[in-house]
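Chemist: Could you have a look at this structure, given as structure tokens, before my questions?
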Amino acid sequence: MVPPIDYETLRLIWWALMGLLLIGFALTDGFDLGVAALLPFVAKTDAERRMVINSIGATWEGNQVWFILGGGAIFAAWPFVYAVSFSGFYLAMFLVLAALILRPVGFKYRSKRPDAAWRSRWDWALFVGGFVPALVFGVAVGNVLTGIPFRLDGDLRSFYEGSLLGLFHPFSLLAGLLSVAMLVLHGASWLAIKIERGTVHDRARRFGQIAAILSILLFAIGGLMVARGGMGFRMTGVVDPMGPSNPHLMTMIAAPGAWMSNYTLHPWMLVAPVLGFAGPLIALAGIRTGREALAFGGSSLGTLGIIATVGLSMFPFILPSSIDPASSLTVWNASSSHLTLFVMLLVTLVFLPVVLLYSAWVYKVLFGRITLKDVGTNPDFY
């Protein structure tokens, strides 16, 4: 069977879909992580903390679908990327999963006992379940921008030559803090529209303002470090977008500053970093003026812009290698076969709208603010 869509176009579509799924995860489960990271600071009493927890209690499981879809898409559409990233980042991924596992346990067990110390320990466990994944995801992105220490041998076997502690260098930590600030802003904006106005609402707004300012500053500093810090890779020689997926058939080199070249070649890509700055500014304005929907929309735009900036800056690279640039994985050399991408696209065209429609319906049904009175009277609340 010869697919009716050419190989180059399918590769571009799946590169865009991978970005869409990652952004979908950040926009949905991202505010769950942000709310969990804010929990011990915006809510002081048990009733307040239960109100914050239940602002995400009904949707957090469904939001994690985007995380699963993203991992599945990488596995099926970009097998080289999946193999290198999930093996190289194995310990970091384990750290993320261990933190994420704390969330369902914390939600289910926190209110099983009336003991204050018991509930406080679970509240901090939920904080870890929000803060650690947000930080590690950002650290991972920072390492991708600087290059991953892996190489491919002649049989395309991957060898990772880094360590867990080696992932936490200055730039990656800055990226991790940006991720935390971005998601805390998103979480604070969610709390502003989801819980009743009052003391907790006001605390969330204050933390949201701080997170918005930090998001702007850290994004700007990160951009300067990318532009002037010697980061970037470039493809040289003949590039065949229709060729087989084999990194050894292409020539790639480290090229300091190359991550900024796409904005010269394709000025429309500047929309992404503009949104990365404008989104937090809009969110900040919305928080200060009490326009919660504007704040949430701004935090969403900022999240979209920051993540899109990474993908567009690196294109066509997906996972560059810092120790052997010739082993770097790109859109043109790391995908599944032509037929596989086409069949997967057909499946996606059927099921992705179903996921979107169902998610929209769930949020419509659950629309409305949660109050302290609800916490005391609703038997289904955590």
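Chemist: Just the residues that are closer than 24 Å to SER335 by Cβ and under 22 Å from the mean Cα position of the chain (by Cα), please, taken from segment 263-303.
Modeler: Once the filter is applied, which keeps residues that are closer than 24 Å to SER335 by Cβ and under 22 Å from the mean Cα position of the chain (by Cα), segment 263-303 yields MET269, ALA272.
Chemist: What helices (runs of 4 or more DSSP H) completely inside segment 52-164 contain at least 2 residues that are basic (Lys, Arg) and in contact with a Pro (Cβ under 9 Å, 6 or more places away or on another chain)?
Modeler: none
Chemist: I'd like the residue in segment 278-290 that is small (Gly, Ala, Ser) and surrounded by fewer than 24 Cβ atoms within 10 Å (Cβ to Cβ) and, out of all such residues, is nearest to VAL180 (Cα to Cα).
Modeler: Checked segment 278-290; the qualifying residue nearest to VAL180 (Cα to Cα) is ALA278.
Chemist: Does segment 245-273 hold any residues that are in contact (Cβ under 8 Å) with a residue 60 or more places away in the chain and not β-branched (Val, Ile, Thr), and which are they? Walk me through how you get there before you give the answer.
Modeler: In the first step, residues of segment 245-273 are kept if they are in contact (Cβ under 8 Å) with a residue 60 or more places away in the chain; the result is 245-254, 259.
SER245, ASN246, PRO247, HIS248, LEU249, MET250, MET252, ALA254, TRP259 - these are the residues of segment 245-273 that are in contact (Cβ under 8 Å) with a residue 60 or more places away in the chain and not β-branched (Val, Ile, Thr).
Chemist: Moving on. For a quick check of your reading of the model, give me the residue pairs whose first member lies in segment 345-359 and is within 17 Å of GLY70 (Cβ to Cβ), whose second is hydrophobic (A, V, I, L, M, F, W, C), with beta-carbon atoms closer than 7 Å and at least 6 apart or on different chains.
Modeler: Within 7 Å, the pairs are LEU345/LEU10; LEU345/ILE13; THR348/LEU17; VAL355/VAL65.
Chemist: Okay, moving on. Would you mind stating whether ILE213 is within 25 Å of the chain's Cα centre (by Cα) and modelled with pLDDT of 95 or more?
Modeler: Yes, satisfied.
For every residue, the table says whether it meets (1) within 21 Å of ASP155 (Cα to Cα); (2) in a helix (DSSP H, G or I); (3) touching a helix residue (DSSP H, G or I) at 6+ places or on another chain (Cβ under 9 Å).
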position	(1), (2), (3)
PHE219	no, yes, yes
GLY223	no, yes, yes
VAL226	no, yes, yes
MET231	no, no, yes
MET235	no, no, no
PRO244	yes, no, no
HIS248	yes, yes, yes
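Chemist: Right, something else. Would you be able to tell me the number of residues in segment 152-207 that are under 19 Å from the mean Cα position of the chain (by Cα), under 16 Å from ALA134 (Cβ atoms) and crowded, with 18+ Cβ neighbours inside 10 Å?
Modeler: Residues that pass the stated criteria total 19.
Chemist: Go through segment 291-324 and count every residue that is open to solvent by 30 Å² or more (accessible area, probe 1.4 Å) and touching a residue at least 24 places away in the same chain (Cβ under 8 Å).
Modeler: 10
Chemist: So if I check each of ILE5, ILE13, which one is surrounded by fewer than 19 Cβ atoms within 10 Å (Cβ to Cβ), of a type in the set (A, V, I, L, M) and not in a helix (DSSP H, G or I)?
Modeler: ILE5
Chemist: Could you tell me which residue of segment 91-122 is farthest from ASN63 (Cα to Cα), considering only residues that are among the β-branched types (Val, Ile, Thr) and within 20 Å of the chain's Cα centre (by Cα)?
Modeler: Within segment 91-122, the match that is farthest from ASN63 (Cα to Cα) is VAL96.
Chemist: Could I ask something else about it? Any residue that is among the charged types (D, E, K, R), on the phi < 0 side of the Ramachandran plot and open to solvent by 20 Å² or more (accessible area, probe 1.4 Å) - is there at least one of those in segment 16-35? Working first, answer last.
Modeler: Here is the first cut: in segment 16-35, the residues among the charged types (D, E, K, R) are 29, 32.
Narrowing the set further to residues that are on the phi < 0 side of the Ramachandran plot leaves 29, 32.
Retained after the next criterion (residues that are open to solvent by 20 Å² or more (accessible area, probe 1.4 Å)): none.
No, segment 16-35 contains no residue that is among the charged types (D, E, K, R), on the phi < 0 side of the Ramachandran plot and open to solvent by 20 Å² or more (accessible area, probe 1.4 Å).
Chemist: Name the residue that is surrounded by the fewest Cβ atoms within 10 Å (Cβ to Cβ), counting only residues in segment 128-137 that are aliphatic (A, V, I, L, M) and more than 23 Å from VAL226 (Cβ to Cβ).
Modeler: Result: VAL128.
Chemist: If you check ALA125, ALA140, which single one turns out to be under 22 Å from the mean Cα position of the chain (by Cα), open to solvent by 10 Å² or more (accessible area, probe 1.4 Å) and closer than 30 Å to PHE233 by Cβ?
Modeler: Within the list ALA125, ALA140, the selection yields ALA140.
Chemist: I need a count of the residues in segment 331-362 that are under 23 Å from MET235 (Cα atoms), open to solvent by less than 40 Å² (accessible area, probe 1.4 Å) and either part of a helix (DSSP H, G or I) or of a type outside the set (Val, Ile, Thr) (or both).
Modeler: Total meeting the criteria: 5.
The values are calculated or read from the model by the stated rules, or taken from the named source; none is laboratory data. These figures come from a predicted structure and were not determined experimentally. No Cβ is skipped: glycine too gets one built from the backbone with ideal geometry, and neighbour counts run over all protein chains shown. With ligands, DNA and RNA removed, areas are computed over all heavy atoms of the protein, side chains included. Shrake-Rupley method; radii C 1.70, N 1.55, O 1.52, S 1.80 Å.
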